[in-house]
1. Quick check on segment 34-51. Is at least one of its residues buried (at least 20 other Cβ atoms within 10 Å of the Cβ), part of a helix (DSSP H, G or I) and of a type in the set (A, V, I, L, M)?
2. List pairs: first in segment 205-229 and assigned by TED's automatic domain parsing to the domain that holds R241, second buried (at least 20 other Cβ atoms within 10 Å of the Cβ) and at pLDDT below 95, Cβ under 9 Å, 6+ apart or cross-chain?
3. Using the structure shown, decide if A151 is near the ligand (Cβ under 10 Å from one of its atoms), in contact with a strand residue (DSSP E or B) (Cβ under 9 Å, 6 or more places away or on another chain), part of a loop (DSSP other than H, G, I, E, B) and at pLDDT 95 or above.
4. I'd like to verify a number: residues in segment 154-207 that are assigned to a loop (DSSP other than H, G, I, E, B), closer than 15 Å to Q63 by Cα and among the polar types (S, T, N, Q), how many?
5. Under 7 Å between Cβ atoms, at least 6 apart or on separate chains: pull out the pairs that start in segment 374-400 with a residue that is open to solvent by 30 Å² or more (accessible area, probe 1.4 Å) and end on any residue that is of a type outside the set (S, T, N, Q) and not in a loop (DSSP other than H, G, I, E, B).
6. Among the residues of segment 209-247 satisfying the criterion of being buried (at least 20 other Cβ atoms within 10 Å of the Cβ) and part of a loop (DSSP other than H, G, I, E, B), which is farthest from the chain's Cα centre (by Cα)?
7. If you take the residues of segment 270-299 that are over 22 Å from the mean Cα position of the chain (by Cα) and either open to solvent by 10 Å² or more (accessible area, probe 1.4 Å) or assigned by TED's automatic domain parsing to the domain that holds R104 (or both), which of them is farthest from A378 (Cα to Cα)?
8. Under the condition of being among the hydrophobic types (A, V, I, L, M, F, W, C) and open to solvent by 60 Å² or more (accessible area, probe 1.4 Å), which residue from segment 419-443 is nearest to E405 (Cα to Cα)?
Amino acid sequence: MHTEHAYALPECRNLFYGGRFHVPQGGYGRTLNPATQEDLGPVSNANAADVDAAVQAAHLAFQSWRHTKPAVRAAALREFGNRLRTHAEELGFLDAINCGNPVREMAADVHFAATQVDYFAGLVHEAKGDTLPMGDGVLNYSVREPYGVVARIVAYNHPLMFLAAKLAAAVAAGNTVILKAATQAPLSAYRLATLLQDVFPPGVVNVLSGDTPCGQALVDHPLVKKVSLIGSTATGKSILRSAAEKVMPVSLELGGKNPLIICPEADMDKAIEGAVKGMNFTWAGQSCGSTSRCFVHRSVYDRVIKEMVQKISQLYRCGLPTDPATTMGCLVSKAQYEKVMSFIDSAHKEGARLVCGGVRPSDKALDNGWFVTATVFADVTPAMRLFREEVFGPVLAVIPWDEEEDLLRMVNGLDFGLTASIWTKDLARAHRLASRVESGYVWINHVSAHFIGADFGGYKQSGLGREEGVSELLAWTQTKNVHVVL
Ligand SMILES: NC(=O)c1ccc[n+]([C@@H]2O[C@H](COP(=O)([O-])OP(=O)(O)OC[C@H]3O[C@@H](n4cnc5c(N)ncnc54)[C@H](O)[C@@H]3O)[C@@H](O)[C@H]2O)c1
């Protein structure tokens, strides 16, 4: 706690609900800087009693927030967006020091979150209903109403952005929200709570930190009417099972093992650049949308691999996440590091060909961190673990292909279906492949980017529901039909 940092670490690490911070009944744990193992101090571990207190506060706030004029809700959201922008550097720093992703990108995340908050502030009046033509003397209309208290549980790779951006649609629609910070990196969440303390009425936005028991207690609480998760498929399934007990709707943004397809006629320079960028090495590959299976047509296979490796060595070098010059951060924890290393191990054992990386960086300054260099394995086959399972680390699998039918069998042969990226100059092939890939978000001659207003979400076991567009707002409402005989 005595190391000099660019910004002060948050002083208050308690639970934020009902407009104030509360000492956790579940006690405290510790949080670390994954790049150095520096102890960054205590973090609250909310237990079921804490969750209940927060839910009661949110429930009380719902009684008035649901009737607050939409324009007033929008104004609060816009003020919140402005606060985010004003504190972007500081929040980005807190994420970098706590989750291991580079500070420059984490600050950009905060600005992106603010843009999403503004977007939903502008949509408040779109949570509207319909009327049905019924003839004289009868009026039939539907209204959209908020659910009540809802919970958002998030993953660690964009700790601040996932909390800040994703509260907006739920709050815009008139719900009150309990945010559960990422277990591994909650520091920015405490600062976020302070920043929003006087923006929303007490109890409208509440921020908890904790581990699985906190998330589970939120899912199980009878007054929590909807839960959304950004997390792994395993957690998504567990939440879905618990939600069944309450017949509660859920929204799930889950894992991926996303394909990037390079066709022989593609603009090869751009395709190679896309394949490298799509792996999100900056975040050490820790991104759900990472295109971690790269299918390269055999006629260009050797060239693509050679140039890909050159590009990676030019663009990505592990460095301390808090250094603005760093282009690639570290993994979030020892557990994640060991998982990534086990994939590298199994790829070797199963006969994949290592073409770069696969080791710790040689830089002594990084010796204490969970760093792994940008890694590419070629000649990966569908039988290998690296082909089938999400690594959530900097490990790219390259697979040769010859015929489109075989390609599609391999591409669609998994239970994941989040993103896909297709590189071709053949218009017919572009649309044919786009229509046949089983993914919820497809780029043609592009990769990685999200577009505000465009629905993001997964097919198959990569998720349920869509976010980032109007449908996210509507998903936080339920429809009531009213039939009036005049
Ligand atoms: N589709 C997307 O938009 C998206 C975005 C980012 C990350 N992810 C996925 O997230 C995963 C990595 O993140 P992670 O390791 O933090 O995921 P995780 O599933 O382990 O944890 C996510 C969150 O769920 C909570 N949680 C765990 N078990 C729970 C339970 N039984 N009930 C309620 N809450 C519970 C955790 O405390 C954490 O806050 C990857 O699979 C990645 O693909 C998906």
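1. Yes, there is a match, as at least one residue in segment 34-51 is buried (at least 20 other Cβ atoms within 10 Å of the Cβ), part of a helix (DSSP H, G or I) and of a type in the set (A, V, I, L, M).
2. Short answer, once both residue conditions are applied: S228/K166.
3. When the stated conditions are applied, A151 does not pass them.
4. Qualifying residue count, segment 154-207: 1.
5. Close Cβ pairs (under 7 Å, with a partner that is of a type outside the set (S, T, N, Q) and not in a loop (DSSP other than H, G, I, E, B)) amount to D379/R353; T381/F387; P382/M410; R385/F343.
6. H221
7. Of everything passing the filter in segment 270-299, K270 is farthest from A378 (Cα to Cα).
8. Looking at the filtered set, the residue picked out is A428.
The values are calculated or read from the model by the stated rules, or taken from the named source; none is laboratory data. For clarity, every value in this text was computed on a predicted model and none was experimentally measured. Here Cβ is always computed from backbone atoms with ideal geometry, including for glycine, and neighbour counts include all displayed protein chains. Only protein heavy atoms, including side chains, enter the accessible area calculation; ligands, DNA and RNA are left aside. Shrake-Rupley method; radii C 1.70, N 1.55, O 1.52, S 1.80 Å.
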